[in-house]
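Here's the structure we're looking at; comments come further down.
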Amino acid sequence: MALPAEKARYTFADCLAWGEDERVELMDGESVLTAPPSRVHQEISGEIFRQLANFLEGKRCRVYAAPFAVRLFEQDGDRPEDVDTVVEPDISVVCGRNKLDRYGCRGAPDMVIEILSPSTARHDRLIKLNLYQWAGVREYWIVSPEEQTAQVFLLRDGLLLPHEVYDRTAVAKVTTLDGCFVELEKVFKR
């Protein structure tokens, strides 16, 4: 289904009407179309997802890969028409089951991972970092296929602050999941 004509402000209700084939995020009511991810992007995402899913098996937290609707600022009682920010992180970890509903996640996931592409790098490093910070995401990873790094930000006093940059040979610690590590050598296969 094609997107409707340009509107002044879109909401989650519009997203629900567009259907599952549309890759659109909303930022304060403004629509942002996203391009299909590359093969390398998908391989990186799949490997990180696999490692996190294996670690989380039998635990209370859940991991989700895009497309997975995250309504960062939705509150109890909000209707779809009230929600104007909807993102689809490449990977989301949600530990509070009360945040999950049939559409995805209501509120901030505990951890978000974005995998950079040439068209999203600036957006992921600036706009999404700020959105995740305001929403209260506790841990944010920016994974660069080109540099073969994972830059980790942790929420401290309301700010997502740089914590660590891991290279392709590192075993990266997932701070929000006690005892969890991601083997980046498996993520960045040559």
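Bear in mind that the values in this text are calculations on the coordinates, not laboratory data. This one's a predicted model, so the numbers in the text were calculated from it and none came from an experiment. Virtual Cβ from ideal backbone geometry, glycine too; neighbours counted across all protein chains shown.
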Problem - Helical contribution to [θ] at 222 nm, DSSP H n ≥ 4, -39,500 (n - 2.57), averaged over the chain, rounded to 500 - result: -5500 deg cm²/dmol
Completion exercise
Cys residues of the chain with no disulfide-compatible partner (no other Cys Cβ under 4.7 Å) are Cys15, Cys105, Cys180
Fill in the blank from the handout: Once amide hydrogens are built 1.01 Å from N within the peptide plane, the residues lying 5 or more places from Met27 or on another chain with amide H under 5 Å from its amide H are Val32, Val86
Fill in the blank from the handout: Residue separation between Lys189 and Leu159 times 0.36 nm, minus their alpha-carbon distance, gives in nm 7.6 nm
Handout entry: Sites matching GluC sites (Glu not before Pro) across the range 53-84 that sit in DSSP coil, with at most 16 neighbouring C-beta atoms within 10 Å
Key = Glu57
Fill in the blank from the handout: Applied in sequence order to the range 54-70, the curve 6.51 cos²θ - 1.76 cosθ + 1.60 (Karplus, θ = phi - 60°) yields integer Hz couplings, x standing for Gly and Pro, of 4, 5, 7, 4, x, 9, 6, 7, 10, 10, 10, 9, 4, x, 8, 6, 10
Handout entry: ³J(HN,Hα), Karplus 6.51/-1.76/1.60, whole Hz, each residue of the range 87-101, x for Gly, Pro
Key = 10, 10, x, 4, 9, 10, 10, 10, 9, x, 4, 5, 7, 8, 9
Completion exercise
The ³J(HN,Hα) series, computed from each phi in the range 167-179 with the Karplus coefficients 6.51, -1.76 and 1.60 at θ = phi - 60°, rounded to the nearest Hz and given as x for glycine or proline, is 8, 5, 9, 7, 9, 8, 7, 9, 5, 6, 10, 4, x
Completion exercise
Note on the range 63-109: alpha-carbon gyration tensor, axes a ≥ b ≥ c; rule is a/c under 1.5 for rounded, else prolate if a/b larger than b/c, else oblate; result oblate
Exercise for the section: Return the long-range amide H neighbours of Glu74 (sequence gap of 5 or more, or a different chain), with a cut-off of under 5 Å between placed amide H atoms. Expected result: Gly107
Handout entry: Low-density loop positions, GluC sites (Glu not before Pro), the range 115-166 - DSSP coil, at most 10 other Cβ in 10 Å
Key = Glu146
Exercise for the section: For the range 12-187, report the convex hull volume of the alpha-carbon atoms normalised per residue, in Å³, without decimals. Expected result: 113
Handout entry: Net lengthening on full extension, Arg50/Asn130 (0.36 nm per residue, minus Cα-Cα)
Key = 26.1 nm
